[in-house]
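What follows is a short report on a single structure.
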Amino acid sequence: MSSNDRPNPIVIKYGGNAIVDTELTREILYRIIKLQKEGYRIVIVHGGGPFIKQNLKLAGIKSEFVGGQRKTDSKAMKYIEMSLKGEVNGKIVREINLLGAKAVGLSGKDGQLAIAKKRFHYDEDENEVDIGQVGDVEKINTEIINLLLDNNYIPVIATIAAGSDGIDFNINADNFAGFIAAALNADGLILMTDIDGLMMDPEDESTIITELKTKEIEGLKGKVIKGGMLPKTEACKYAVDNGAERAIIINGTKPDLIEAAVKKQDFLGTIITK
Ligand code: ADP
Ligand code: MG
């Protein structure tokens, strides 16, 4: 519990392919709303990789990933902001409202929820690389989030923010969720993805790592943790080391797992603690 007796929030990062399938989206949001009605304070942070990919393709813009982050030039930035705020955020807010709860869509810019800065980035061989307008969070201002939560709204946050220099930044959704979870002292950061969790060998489900300490992450980078799992584990480590109780990576295509993760029941996924 926080000092003023409000339960600490749960930050759920939602994205990947689970967001493309409208039936699955409804199923997931239904579970989330049920938890909110039980009294959990839920914040949704979303990505939108498949939508961004499609819109960049339509615009004829090439896009590549470097160490799990999408390289973003100014042309790509425009389409990424359009995809996330215009398409994905609007869709999630609409679906939550249709299910009878109240959602408010925001990006990092709203209420100065997040101030971004350019990300110093390293590729998978640990070389420093310039990936353009990809940001990290410099500061989170939790005021607007708490205002919404206190009034029973579900904040739905698109991961775009501006820097204090007025430049727009695209922030990886896992990282953004990690920063928010830390700032809110979240009871849990739940990262929903398209695989059951972090695995020693992603080709072999039986190698899932069910429990991990944040200090073990560095040693697994590159060998075990690759691609999209790089920002995920980085976000989990940041959140847990800076104020969140725990972080959990679950398969977002299995909606039953959301409740189990929130309620700390037995479930299959990767739990990361300090
Ligand atoms: P999301 O849209 O959920 O962010 P990503 O594609 O960015 O999904 O990240 C999840 C992907 O990370 C998995 O589908 C898998 O291909 C990849 N991955 C890399 N290393 C691992 C690992 N050790 N365990 C599990 N998945 C891994
Ligand atoms: Mg990803």
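The values are calculated or read from the model by the stated rules, or taken from the named source; none is laboratory data. These numbers come from a predicted model, not from an experiment. So basically every Cβ, Gly included, is an ideal-geometry build from the backbone, and we count neighbours across all protein chains shown. Surface accessibility is based on the protein's heavy atoms, side chains included, excluding ligands, DNA and RNA. Shrake-Rupley method; radii C 1.70, N 1.55, O 1.52, S 1.80 Å.
Quick check on this structure: which one of Lys254, Lys263, Lys223, Lys232 is within 30 Å of Asn127 (Cβ to Cβ) and surrounded by fewer than 21 Cβ atoms within 10 Å (Cβ to Cβ)? So that I can check it myself, show each step before the final result.
Details: Lys254 fails: within 30 Å of Asn127 (Cβ to Cβ); Lys263 fails: within 30 Å of Asn127 (Cβ to Cβ); Lys232 fails: surrounded by fewer than 21 Cβ atoms within 10 Å (Cβ to Cβ).
Every option except Lys223 fails the conditions.
Scanning segment 224-249 for residues being farther than 11 Å from Leu189 by Cβ and β-branched (Val, Ile, Thr) gives a total of 3. Selection of segment 205-244 for residues being within 12 Å of ligand 1 (Cβ to nearest atom), modelled with pLDDT of 95 or more, more than 17 Å from the chain's Cα centre (by Cα) and not polar (S, T, N, Q) yields Ile208, Ile209, Leu212, Ile217, Leu220, Val224, Ile225.
Report yes if Asp194 is within 29 Å of Glu23 (Cβ to Cβ) and open to solvent by 30 Å² or more (accessible area, probe 1.4 Å), otherwise no. For Asp194, the condition - within 29 Å of Glu23 (Cβ to Cβ) and open to solvent by 30 Å² or more (accessible area, probe 1.4 Å) - is met. Checked against (1) touching a helix residue (DSSP H, G or I) at 6+ places or on another chain (Cβ under 6 Å); (2) over 26 Å from Ala260 (Cα atoms); (3) at pLDDT 95 or above, Ile42 meets all criteria but (2).
All conditions but one from (1) assigned to a helix (DSSP H, G or I); (2) on the phi > 0 side of the Ramachandran plot; (3) not aromatic (Phe, Trp, Tyr) apply to Lys57; the one that does not is (2).
Filtering segment 120-177 down to residues that are part of a loop (DSSP other than H, G, I, E, B) and closer than 27 Å to Asn8 by Cα, which residue is farthest from ligand 1 (Cβ to nearest atom)?
At the first step, the residues of segment 120-177 found to be part of a loop (DSSP other than H, G, I, E, B) are 120, 123-127, 130-131, 133, 141-142, 151-152, 159, 164-167, 171-172.
This time we only want the ones that are closer than 27 Å to Asn8 by Cα, so: 141-142, 151-152, 159, 171-172.
Details: Asn141: 25, Thr142: 24, Asn151: 30, Asn152: 28, Thr159: 11, Ile171: 13, Asn172: 8 Å.
Looking at the filtered set, the residue picked out is Asn151.
Residue pairs whose Cβ atoms lie under 7 Å apart, sitting 6 or more positions apart in sequence or on different chains, and linking a residue in segment 11-31 that is free of Cβ contacts under 8 Å to residues at least 60 places away in the same chain and more than 10 Å from Pro255 (Cβ to Cβ) to a partner that is within 14 Å of ligand 1 (Cβ to nearest atom) and in a helix (DSSP H, G or I), are Val20/Pro50.
Suppose we filter Ala59, Ala114, Ala101 for residues that are touching a helix residue (DSSP H, G or I) at 6+ places or on another chain (Cβ under 8 Å), over 24 Å from Ile131 (Cβ atoms) and at pLDDT 95 or above; which single one remains?
On the way: Ala59 fails: over 24 Å from Ile131 (Cβ atoms); Ala114 fails: over 24 Å from Ile131 (Cβ atoms).
Answer to the check: Ala101.
Just the residues that are charged (D, E, K, R) and within 16 Å of ligand 1 (Cβ to nearest atom), please, taken from segment 1-43. Spell out the reasoning first.
We begin by selecting, within segment 1-43, every residue charged (D, E, K, R); these are 5-6, 13, 21, 23, 26-27, 31, 34, 37-38, 41.
Matches in segment 1-43: Lys13, Asp21.
Selection of segment 12-43 for residues being among the aliphatic types (A, V, I, L, M), within 16 Å of ligand 2 (Cβ to nearest atom) and part of a strand (DSSP E or B) yields only Ile12.
Out of Lys34, Lys71, Lys91, one residue alone is touching a strand residue (DSSP E or B) at 6+ places or on another chain (Cβ under 8 Å), touching a residue at least 12 places away in the same chain (Cβ under 8 Å) and open to solvent by 10 Å² or more (accessible area, probe 1.4 Å). It is Lys71.
State the number of residues belonging to segment 148-167 that are open to solvent by 30 Å² or more (accessible area, probe 1.4 Å) and either touching a residue at least 24 places away in the same chain (Cβ under 8 Å) or within 23 Å of Lys221 (Cβ to Cβ) (or both). So that I can check it myself, show each step before the final result.
We begin by selecting, within segment 148-167, every residue open to solvent by 30 Å² or more (accessible area, probe 1.4 Å); these are 150-153, 164-167.
Now drop any that are not either touching a residue at least 24 places away in the same chain (Cβ under 8 Å) or within 23 Å of Lys221 (Cβ to Cβ) (or both), which leaves 150, 152-153, 164, 167.
Final tally of qualifying residues: 5.
Here Arg246 meets the list (1) of a type in the set (Lys, Arg); (2) open to solvent by 70 Å² or more (accessible area, probe 1.4 Å); (3) within 13 Å of Thr210 (Cβ to Cβ) almost entirely, failing just condition (2). You will find that of Gly111, Gly105, the residue that is among the small types (Gly, Ala, Ser), part of a strand (DSSP E or B), in contact (Cβ under 8 Å) with a residue 24 or more places away in the chain and closer than 28 Å to Ala182 by Cβ is Gly105 and no other.
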